[in-house]
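Mind having a look at this structure? Questions to follow.
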Amino acid sequence: MQGKTTFILTDRDTGKIVEKREEHNIVTNAIKDIFDFPNMGFYNGNTFSVLNCYIPMYTKLLHGLVLFGDNIPEKTDDYLLYGRYKVIATAGTEYTGADAMRGTFNKNQSGEIENGYRFVWDFAPEKAIGTIKCASLSSIITGNTGGTFSAGSIMVNVVDFNPSISSMIDMLNAPTPYDFFAMSLGKNYYYYYSNNYTAETQITIRKYYMPHPDNIGITTPREGYLEKQYYGKSPVNTRQMFINDYDKKMYFFNFYSPLGNYSKTCVQIAGMDIETGECKRVVEDHVETPVDTLKSTKCYGALFNNQLYVYVDSELYVIELDGTFVRSVKLDISSFNCFFVFDGRLWINGKYSLSNSNCIVSVSGTPVYLPLSSSLEPYNIKDNVNLKCPYVMSTYSKHSPIMLRTDYLATINNLSEPLEKIDRHALQVRYEITN
């Protein structure tokens with residue numbers, strides 16, 4: 001990508017242009033790194049989408065402007081702010097409020113241009129007062145912060161890129177009811193699974209093609225990436241599901257209290273190939289667990305390295321598929337959100353008992369507890385998890401511990417000379433970015 005920025009100062013009273021200048025930028029590796037998705041095998045929750053949150057790029061990834069009172073070092077890999085630089089103002093969507101550090105998007109003058117997009121933002125005379133030395137494109141969320149800007153604390157779930165962080169989105173326009181689904185991400189593909197509770201053993205699988213980052217342009221549309229859709233039927237109840245992206249399987253667990261002389265909870269397991277939709281039982285009948293039958297409705301299951309993991313009431317049981325007991329361990333967690341696979345290990349996302357704070361626990365070996373926080377470190381769990389900027393661990397979503405920092409700089413445009421903005425002048429910033 002490449003871009004140019006035009007700054008236009010006009011007199012408040014006469015409307016005449018006081019100064020007009022054109023500047024050019026460098027492009028950082030932020031966008032490239034954003035499309036290098038974390039190799040996490042499991043996301044679950046409500047109607048989430050990654051692909052359609054990220055493209056077209058001009059709708060969210062590049063729809064924020066930050067004006068700085070400092071020059072920014074032109075380093076392509078040093079694109080997170082960490083509060084190091086003075087912010088004069090930001091701009092994202094249309095805005096009519098009184099925040100003196102926030103401009104408004106000029107929808108009428110913005111739009112697609114040949115091979116790119118032109119952003120136009122306006123700052124009234126009473127806004128963006130100061131000496132402007134640098135302008136950068138960032139996310140729409142960063143652009144909307146204005147005077148509430150807090151570098152480093154702006155994170156969103158990787159599948160929730162609304163201008164309003166608190167609301168969820170469904171960019172896929174999937175039919176309803178789709179009460180339960182999970183998503184698996186790869187470098188170029190991701191999958192969308194859904195279970196319609198009107199037929200408890202029927203699963204709809206949609207496979208979406210993720211274009212290679214090198215082939216995604218600024219205006220690349222988000223339609224047309226459904227590669228195939230097919231339906232599967234599970235031989236067991238599908239209300240509880242776990243995805244192991246490493247063996248490309250989606251597993252279903254039906255925990256129940258059997259009739260007869262059984263004193264322990266049993267579980268039926270089915271596995272579906274997420275490439276073909278073929279679904280069959282993992283074991284012929286069932287696996288008997290060490291869990292008391294009274295707790296059968298509280299059990300959660302995962303299948304990892306051909307072993308069954310069962311969580312119930314802070315206790316984790318590991319069992320061979322032939323029913324042989326392997327081990328159990330008491331976990332210091334007070335609530336359970338989900339099992340997931342990440343970095344080649346099985347994890348639990350829950351709350352740490354002692355502090356009642358969110359944590360993830362590696363459980364495929366000796367338990368390792370990692371707190372989830374809004375740390376400003378780019379690799380905030382670098383000794384335990386292979387996670388690259390701008391993705392970090394955080395507490396925002398109970399469904400996925402991986403978050404996207406939105407205070408990145410996609411471009412850096414250091415002005416050749418500082419631009420003085422006073423309260424007699426209105427400022428318009430035209431930012432053209434092309435492939």
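What follows is calculated from the coordinates using simple rules that are stated; it is not laboratory data. The model shown is predicted, which means the values in this text are computed figures rather than measured ones. Methodologically, a virtual Cβ is constructed for each residue, glycine included, from the backbone with ideal geometry; neighbour enumeration extends over all protein chains shown.
Which of the lysines could be linked to K228 by a straight reach, that is with a Cα gap under 19 Å, when you skip same-chain ones fewer than 8 residues away?
K187, K207, K248, K249
On to the next question. Run the reach check for K127 against aspartates and glutamates, Cα to Cα strictly under 15 Å, same-chain hits fewer than 8 apart removed. What comes back?
Output for K127: D11, E94, D99, E420, D423.
How much length is gained on full extension from N71 to K16, taking 0.36 nm per residue of separation minus their Cα-Cα distance? It would help to have the intermediate numbers written out before the result.
On the way: separation 55, 0.36 × 55 = 19.80 nm, distance 2.85 nm.
Taking 0.36 nm per residue and subtracting the Cα distance, the gain is 17.0 nm.
Okay, moving on. Hey, which of these cross-link pairs are over 26 Å Cα-Cα: K20/K86; K75/K133; K233/K330; K351/K388? Present the calculation step by step, with values, prior to reporting the outcome.
Numbers: K20/K86 23 Å; K75/K133 16 Å; K233/K330 35 Å; K351/K388 24 Å.
Flagged as over cut-off: K233/K330.
Ok, one more. Quote the relative contact order of the range 246-374 in percent (integer), defining contacts as alpha-carbon pairs under 8 Å separated by 6+ residues.
Values: 259 pairs, mean separation 17.3, N = 129.
Worked out over the range 246-374, it gives 13 percent.
Can you spot the lysines whose alpha carbon is less than 16 Å from K107's alpha carbon? Ignore those fewer than 8 places along the same chain.
K60
A98 versus D292, label points 7 Å from Cα toward the beta carbon: distance in nm?
6.2 nm
Which trypsin sites (Lys or Arg not before Pro) in the range 84-127 sit in a loop by DSSP (not H, G, I, E or B) and have at most 15 other Cβ atoms within 10 Å of their own Cβ?
R84, K86, K107
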